[in-house]
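Accompanying notes for the structure given below.
Each value in this text was obtained by applying a stated rule to the coordinates, not by laboratory testing. Just so it is clear, the structure is predicted and the values come from calculations on it, not from any experiment. Using ideal geometry, Cβ is built from the backbone for each residue, glycine included, and neighbour counts are taken over all protein chains shown.
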Amino acid sequence: MGSSQADKAASHERIVKAAAARIRRDGVEGLGVADLMREAGLTHGGFYRHFGSRDDLVAQAVEAALAHGSRRAEAAARHEGGPEALAVIIDAYLSPLHRDKPETGCAVAALPADIARSSPRARAAYTAQVRRYLDLFADLEPVGDPDDPHLILATLVGALALARAVDDPVLSDEILERAARALHRHTRSERTPSPGSA
């Protein structure tokens, strides 16, 4: 690849990375092309050298945000494995740090309302990531009910979204803590055989 092509690829990646962070923090509607290009150190006029349209940028940013946001969960699954990994994922997902840093967090929790009104490409990427999470949770909790992965994901995403939305810091912390406690209790009970079941 020539240096001009390499420079263009690096610029493209920088724009997509900045857009992925911005949409997780501000939503899709908060993504202004001029501000984004300035943040990436490029001129507004150069936008169409990289993207066919704003929708094209949004789709690529959504794909990048989804891929980035799931890395920690996948790393925990590889490193810890099994129920221990699930406990690590629950605690990290429902942490004040994740709540307070949406730009580096999970796009599944940050973008559901935006994605519902987005392009088919963005919705397909979101759907694929939801399925990856469901498969990951099913692998980590193999003895549980088949509905458990859906319950876990819905609780994680819903609790994080609520904790970010409320304006009461104490309530926000309570939502995170109680959702985590409920998920830990549920996943432990799924692993603990009832008396006389052995």
Full extension between Glu74 and Thr127 adds, at 0.36 nm per residue less the Cα distance, a length in nm of 17.4 nm
Kirkwood calc, the chain, C-alpha pairs only, radius in angstrom 18.2 Å
Correct semi-axes for region 111-189, from √(5λ) of the alpha-carbon gyration tensor and rounded to whole Å with the largest first, are 23, 22, 6
Expressed as a whole-number percentage, the relative contact order of the chain with C-alpha contacts under 8 angstrom and at least six residues apart is 22 percent
In this structure, the FRET efficiency calculated for Ser4 and Asp91 from their beta-carbon separation, with R0 = 45 Å, to the nearest 0.05, is 0.45
When His12, His79 are arranged by how many other beta-carbons sit within 10 Å of their Cβ, fewest first, they go His79, His12
Under the 7 Å Cα-to-Cβ spin-label approximation, Arg181 and Asp168 lie apart by a distance in nanometres of 1.6 nm
Expressed in angstrom and rounded, the centroid-to-centroid distance over alpha carbons for region 1-56 and region 111-139 is 22 Å
quick shape note, region 108-148: Cα extents on principal axes in Å, largest first -> 37, 15, 13
To the nearest 20 debye, the chain has a Cα-centred charge dipole, built from +1 on Lys and Arg Cβ and -1 on Asp and Glu Cβ, of 540 debye
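Most exposed first by the Cβ proxy, i.e. fewest other Cβ within 10 Å, how do Thr104, Thr187 rank?
Starting with the residue having the fewest Cβ neighbours, the order is Thr104, Thr187.
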